[in-house]
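The values are calculated or read from the model by the stated rules, or taken from the named source; none is laboratory data. All figures in this text were calculated on a predicted structure; none of them were measured in a lab. All Cβ positions, even for glycine, are placed from backbone atoms using ideal geometry, and neighbour counts span all protein chains on display.
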Amino acid sequence: MPYIANTPEQQEEMLRQIGRSMEELFSDIPPDQRSSGLDIPPGRTEQEVRDRLTRLAARNKIDLIGFLGGGFYDHFIPAAVPAIVSRSEFYTAYTPYQPEISQGVLQAIYEYQSAICRLTEMEVANASLYDGGTALYEAVMMALRITGRSRVIVDDTVSPIYRTMIRTYTSNLGIELEETPSRDGLPDREKLREHINDRTAAVVVQNPNFFGCLDEFSDLAALAHRHGALLIVSCYPISLGLVKTPGAMGADIVVGEGQSLGIPLCFGGPYLGFMATRQPYVRKMPGRIVGRTVDGQGRQGFVLTLQAREQHIRREKATSNICTNEGLCALTALVYLSLLGKQGLVELAKTCAEKASYAGGRLLEIRGVRMRFPQRYFFNEFVLELPVAADRVIRRLLEQAFAAGFPLVRYYPGMENSLLVAVTEKRTKEEINLFAHALEMSL
Amino acid sequence: MKVIFEKSVPGRRGVRPVRQEGCPPPGIQPRLLRDRPAELPQLSELDVVRHFTELSRRNFGVDNGFYPLGSCTMKYNPKMTEQVAGYAGFSSLHPLLPQLPRGEMLGQGALAVLYEMDLALREICGMAAFTLQPLAGAHGELTGAMIIAAYHKDRANRKTTILIPDSAHGTNPASAAIAGYQVQVIPSDANGHMDVEALRAALNDRVAGLMLTNPNTLGLFDPHVKQISDLVHGVDGLMYYDGANLNPMLGYCRPGDMGFDIVHVNLHKTFATPHGGGGPGAGPVGVCEKLVKYLPISLVGERPDGSYFLDYDRPHSIGYIAPFYGNFGILLRAYAYILALGREGLLRVAQNATLNANYVMEKLKPYYDLPFGRICKHECVFSARRQAEHGVGALDIAKALIDRGFHPPTVYFPLTVPEAMMIEPTETESKETLDAFIAAMIEIAELAETEPQKITRCPTTTVVGRLDETRAARHPDLSSLQ
């Protein structure tokens, strides 16, 4: 049998030594609950499994020229990233319960926490959460705990994918979730001022937001703090090579999807939810945290710490039910950021922004095409307003092997003609030109 | 060892991102820009590779040696499934593609994997349908608890409480609480099973359900599970199965047949996906027929022409619990593993996991206290009570095992056993490995009586000794800031 070491002779020998039969070992299961075997196909050899999956993989269309983003981006992954992350000392280990033989994972998480703090200009980060959406939900729950309040304002420029998740998670908890309508692609300050009051736990915004628009939230941080509420900012880590950080804007909790940091798109996961906050809130933070300490001889080492927040100690009183983190994805992000380095991240962010700017310019040359939010600045994603339904254009361009972007009408009623276009460093000028030409022809 | 930021050399470069001539500067307003770059390390590619290679040498994984960490099922992770997960046809697939007009046809291979995985899990667990979306075991528990809430809401039941045995994993009460329930703990009886009389006394109209692991965290199969499930159903409560310990049940017993209404499966345990140093995992949730309508949006369906589609039209669903379709890369590995093993292979998994655990239990019985001496399933739980009388606790034994080249068992869990040592060998380990481990455990037991200081000063072979955890918690140093 694959992956089972004991030979039938060894199994017999072991059973003989313990004085049992195999049947006896399962005699504790009452006969009326015993299955009569599984109705699944017989096993296959490695070659057969790989053949089958090669065929299935070929039924996925991946040779499209992609302008699809929406919070999940096709960035280039340097060869050294998978080479390092696939070291099995990392990936076949579990949670570092025994720190003396887990210093590799522990130090990597500490370095990851540090990298997230430096990227976002925040003070403390956790060891990661499942994804950007669950991280945002956890941030909301954390703000409710910190403030002891029950209202949360979420702007509608926050990813609609994440907003639906937050709605699902909070639906039974007596939490008032208010979604404020945006104005011209940015959170509507007036609306936010109307909605916020002294029962508000948090204001949730995103930068760049789902429309790709860039904003500066210092005023919202001040507004939230005036009412004793927290500002939660969801962000796109690659943009932070260039864009003002949530930390510098006065955010209290920063979260985001770390997929863009060297993690493949892989049809939706595994991804990486990162979370950072300010020092005073660290004991209210969910998830694992690694700290630096020393051993009996004064040698530096790393351990899981502040565990009195967690489910294995606090059980029903824990800050979250999360058990592990996304360890290997956090390692991936750390390796990616280390390889790019201080200069590399700035250059990468610039290239993305420049290529997007070029694409925006080219597409605006097409008659009838305009920017939906012309007065806004964007990083690498923007909303085109087409003269026809975006769905129609997307369908036509797919036939020519372009993934033109995302139709906003799927989440924003009334935006039938709006197409969300993302440009990463992987798109070339030539591809952008071809795309613009194809789009023009499709109208 | 220095942290990576301390190795930084100003001006040194690693990987250079692509540049493109002839693109205009983006012209973003300065107030929207960062005023100084993030202080990321400045290193060459070789520096980075050496740093992480060195870190990897300071880490112990299943590929390094025996890893009998109870309740975590640290079995071998086949290399084949890693390779399959890396196929570009899967790893490059954008999750929003199927949401484009006619986009489903662009991801038929991936949807086929999800559809077939659902079918395989239904058969293995005896459930009506699965959602593959939960991103970890605990995430599956939360999803399950939300399904319990949706069911009772529909029936206008006033339910406030979820019952949980005292031997449960900490995630069970935490998940129930986060879903909005109060938790009531049911004690174990003298045999290590749930105390049925205590359960009977706790049951009333406010009980929404019961979360149970079977075999439980002592590795014992609860023979009363059918009776328990009848009792809970008697107050219109739902039975939730924590699939953490499903490994020794494969092909022998299905949660659905035991009377469970909801099940989560830890793919990283039962189906050999790597634990990744603590995630990513996956925790698909299966339900019985009457709960299918509450499963999260979306589900994968099959059309009469054999093509697959995503079903978003689910008015009774609890909603969206994950951004997309689950941790696809993990689901893919588990799917490849199930294909490779097939029905016969899965049965052998259960047999060898159980045989290995019972073999270790019988061999170590003379040397360590065994609180519950019956046949076990995937794991056995000893107590270091006897050694503790000589000043050698479960933690000391764990550290002594490290010096002998083994990853220690889970210690101090379950909470119902003092000085607990929870040993789960898994089916992929050989008799030779088990014999070497048993010999080390016997040697440690003997030393504990004769020269306990030789045990309490362990580990001595590691890059650091026992670390000061009190200091870590009192004076938190959680990041290296510039």
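Exactly one residue out of B:Y181, B:Y240 is hydroxyl-bearing (S, T, Y), within 23 Å of the chain's Cα centre (by Cα) and under 30 Å from B:E427 (Cα atoms), and it is B:Y240. A:A422 - would you say it is within 12 Å of chain B (Cβ to nearest Cβ) and under 30 Å from A:V346 (Cα atoms)? Considered against the rule, which asks whether it is within 12 Å of chain B (Cβ to nearest Cβ) and under 30 Å from A:V346 (Cα atoms), A:A422 comes out as yes. Output the residues belonging to the range A:205-233 that are in contact (Cβ under 8 Å) with a residue 60 or more places away in the chain, over 16 Å from the mean Cα position of the chain (by Cα) and within 17 Å of A:M142 (Cβ to Cβ). The answer is A:G228, A:A229, A:L230. Screening A:Y73 on (1) assigned to a helix (DSSP H, G or I); (2) more than 7 Å from chain B (Cβ to nearest Cβ) shows it passes everything except condition (1). Kindly indicate the residue of the range B:16-34 that is within 7 Å of chain A (Cβ to nearest Cβ) and among the charged types (D, E, K, R) and also farthest from B:M249 (Cα to Cα) among those meeting that condition. Taking the candidates together, the pick is B:R31.
In this structure, B:I321 qualifies as among the β-branched types (V, I, T), touching a residue at least 12 places away in the same chain (Cβ under 8 Å) and within 9 Å of chain A (Cβ to nearest Cβ).
Scanning the range A:311-363 for residues that are under 19 Å from A:L265 (Cα atoms) and hydroxyl-bearing (S, T, Y) returns A:T332, A:Y336. Evaluating A:A349 against the criteria (1) facing another protein chain (nearest Cβ under 7 Å); (2) small (G, A, S); (3) in contact (Cβ under 8 Å) with a residue 12 or more places away in the chain leaves one unmet condition, (1). Residue pairs whose Cβ atoms lie under 9 Å apart, sitting 6 or more positions apart in sequence or on different chains, and linking a residue in the range B:353-369 that is of a type in the set (D, E, K, R) and crowded, with 24+ Cβ neighbours inside 10 Å to a partner that is modelled with pLDDT of 95 or more and in a helix (DSSP H, G or I), do not occur here.
Summed over the range B:159-176, residues that are of a type outside the set (S, T, Y) and touching a strand residue (DSSP E or B) at 6+ places or on another chain (Cβ under 6 Å) total 9. Just the residues that are at the interface with chain A (Cβ under 7 Å from one of its Cβ atoms) and crowded, with 19+ Cβ neighbours inside 10 Å, please, taken from the range B:109-136. Result: B:G109, B:A110, B:A112, B:V113, B:A120, B:I124, B:L135, B:A136. For the residues B:P323, B:P280, the requirement of being under 20 Å from A:P264 (Cβ atoms), touching a Gly at 6+ places or on another chain (Cβ under 6 Å) and part of a loop (DSSP other than H, G, I, E, B) singles out B:P323. Scanning the range B:69-96 for residues that are of a type in the set (A, V, I, L, M), assigned to a loop (DSSP other than H, G, I, E, B) and within 15 Å of the chain's Cα centre (by Cα) yields one hit, B:M74. Test A:R59 against the criterion of being modelled with pLDDT of 95 or more, basic (K, R), in contact with a helix residue (DSSP H, G or I) (Cβ under 6 Å, 6 or more places away or on another chain) and not assigned by TED's automatic domain parsing to the domain that holds A:V294, and give yes or no. Yes, satisfied. Being at the interface with chain B (Cβ under 7 Å from one of its Cβ atoms), more than 26 Å from B:E45 (Cα to Cα) and β-branched (V, I, T) is a description that does not apply to A:I65. Taking the criterion of being part of a helix (DSSP H, G or I) and either buried (at least 18 other Cβ atoms within 10 Å of the Cβ) or small (G, A, S) (or both), the residues of the range A:162-186 that qualify are A:Y162, A:R163, A:M165, A:I166, A:T168, A:Y169, A:T170.
When you look at A:T319, is it surrounded by fewer than 24 Cβ atoms within 10 Å (Cβ to Cβ) and of a type in the set (S, T, Y), yes or no? Yes. Taking the criterion of being in a strand (DSSP E or B), within 21 Å of the chain's Cα centre (by Cα) and among the polar types (S, T, N, Q), the only residue of the range B:120-166 that qualifies is B:T131. Candidates A:L434, A:L420: the one that is touching a residue at least 60 places away in the same chain (Cβ under 8 Å), under 19 Å from A:L364 (Cβ atoms) and touching a Leu at 6+ places or on another chain (Cβ under 6 Å) is A:L420.
Would you please name the residue that is surrounded by the fewest Cβ atoms within 10 Å (Cβ to Cβ), looking only at residues in the range A:77-108 that are more than 7 Å from chain B (Cβ to nearest Cβ) and either of a type in the set (D, E, K, R) or under 30 Å from A:N209 (Cβ atoms) (or both)? Among them, the one singled out is A:I77.
Can you tell me which residue in the range B:52-91 is farthest from B:T426 (Cα to Cα), limited to those that are more than 7 Å from chain A (Cβ to nearest Cβ) and touching a Pro at 6+ places or on another chain (Cβ under 6 Å)? Per the stated criteria, the residue is B:G70. Evaluated against (1) assigned to a loop (DSSP other than H, G, I, E, B); (2) more than 21 Å from A:Y73 (Cα to Cα), A:A438 falls short on exactly one condition, (1). The single condition among (1) in contact with a Leu (Cβ under 7 Å, 6 or more places away or on another chain); (2) part of a loop (DSSP other than H, G, I, E, B); (3) touching a residue at least 12 places away in the same chain (Cβ under 8 Å) that B:V48 does not meet is (2). Out of B:F260, B:F271, one residue alone is in contact (Cβ under 8 Å) with a residue 24 or more places away in the chain, within 12 Å of chain A (Cβ to nearest Cβ) and under 28 Å from B:G61 (Cβ atoms). It is B:F271.
Considered as a group, the residues in the range A:359-379 that are part of a helix (DSSP H, G or I) and out of contact with any helix residue (DSSP H, G or I) (no Cβ under 6 Å at 6 or more places or on another chain) include one that is farthest from the other protein chains (Cβ to nearest Cβ), and that residue is A:L364. At least 3 residues being away from every other protein chain (no Cβ under 12 Å) is the threshold, and among the strands (runs of 3 or more DSSP E) wholly inside the range A:226-299 those reaching it are A:230-235, A:253-257.
Count of the range A:386-427 residues, restricted to those that are out of contact with any strand residue (DSSP E or B) (no Cβ under 9 Å at 6 or more places or on another chain) and closer than 30 Å to B:R16 by Cβ, is 1.
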